[in-house]
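Since the structure comes first, as structure tokens, the remarks are kept for the end.
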Amino acid sequence: GLGSNATVSVSPTSNTTYTVTVTSAGGCTATASRLVSVNPNPTANINPATVEICSGESASLTATGGGTYAWSNSLGTSATVNVSPTSNTTYTVTVTNADGCTATASRLVSVNPNPTANINPATVEICSGASASLTATGGGTYQWSNSLGTSATVSVSPTSNTTYTVTVTNSDGCTATASR
């Protein structure tokens with residue numbers, strides 16, 4: 001046992017019956033039993049398992065585990081929430097099942113920076129029939145409009161005023177565009 005104290009503290013991990021035997025000064029005994037029921041905790045989780053977004057994007061987080069949900073960061077009580085953090089942020093959900101037992105889960109949403117796209121030179125003026133060289137900057141990979149391909153530097157020979165756009169994609173998959 002639990003000793004001879006009148007009050008004991010118990011922390012069972014499964015349903016357990018506790019019995020106490022009381023003996024009077026005259027040697028008479030009486031017994032009483034009490035079942036302590038242990039309700040299961042929910043299993044809290046947040047999907048997806050990893051979340052990386054580009055600056056300015058949003059992500060959808062879905063809590064599982066049954067019962068009711070309470071999100072940190074004032075996100076409310078829905079199972080699914082949309083978040084748009086501007087920096088790396090951890091979101092936590094508390095799941096409460098029908099028995100009132102709780103569990104929590106947390107998910108880090110990583111925010112990757114967008115590249116800074118630019119086209120050099122800053123101004124381009126050519127005579128009819130001439131060509132110009134445009135160079136994209138910003139790092140990563142480049143995709144030009146007007147079927148110009150994926151090189152950082154392209155040569156153009158427009159016959160009229162033409163705007164060229166490049167999309168820069170960095171190693172995190174984040175994009176930015178520039179036009180000239």
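The values are calculated or read from the model by the stated rules, or taken from the named source; none is laboratory data. No experiment lies behind these values; they were computed from the predicted model shown. Counting neighbours? That spans all protein chains shown, and the Cβs are built from the backbone with ideal geometry, glycine included. Protein only, heavy atoms only, side chains kept; ligands, DNA and RNA dropped before computing areas. Shrake-Rupley method; radii C 1.70, N 1.55, O 1.52, S 1.80 Å.
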Report summary line: Matching residues in the range 121-140 (farther than 23 Å from Gly56 by Cβ and either assigned to a loop (DSSP other than H, G, I, E, B) or in contact with an Asp or Glu (Cβ under 8 Å, 6 or more places away or on another chain) (or both)) number 11
Report task. Mind counting the residues in the range 69-84 that are over 15 Å from Pro48 (Cβ atoms), open to solvent by less than 60 Å² (accessible area, probe 1.4 Å) and within 15 Å of the chain's Cα centre (by Cα)? Result -> 3
Requested in this report: Hey, could you check the range 146-180 for residues that are small (Gly, Ala, Ser) and open to solvent by less than 40 Å² (accessible area, probe 1.4 Å) and say which is farthest from Asn112 (Cα to Cα)?
Outcome: Gly149
**Report entry** Which numbered condition Glu57 fails, given (1) over 30 Å from Asn170 (Cα atoms); (2) not in a strand (DSSP E or B)
**Finding:** (1)
Query raised in the report: Does Ile126 meet the test of being of a type in the set (A, V, I, L, M) and open to solvent by 60 Å² or more (accessible area, probe 1.4 Å)?
Result: yes
**Report entry** Evaluation of Gln143 against (1) open to solvent by 40 Å² or more (accessible area, probe 1.4 Å); (2) assigned to a loop (DSSP other than H, G, I, E, B) (one fails), failing number
**Finding:** (2)
Requested in this report: Kindly check whether there is at least one residue in the range 61-81 that is under 29 Å from Thr116 (Cα atoms), modelled with pLDDT of 95 or more and of a type outside the set (A, V, I, L, M).
Outcome: no
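Those residues that are assigned to a loop (DSSP other than H, G, I, E, B), hydroxyl-bearing (Ser, Thr, Tyr) and surrounded by 12 or more Cβ atoms within 10 Å (Cβ to Cβ), I need them from the range 1-54; list them, please.
Hit for the range 1-54 is Thr43, nothing else.
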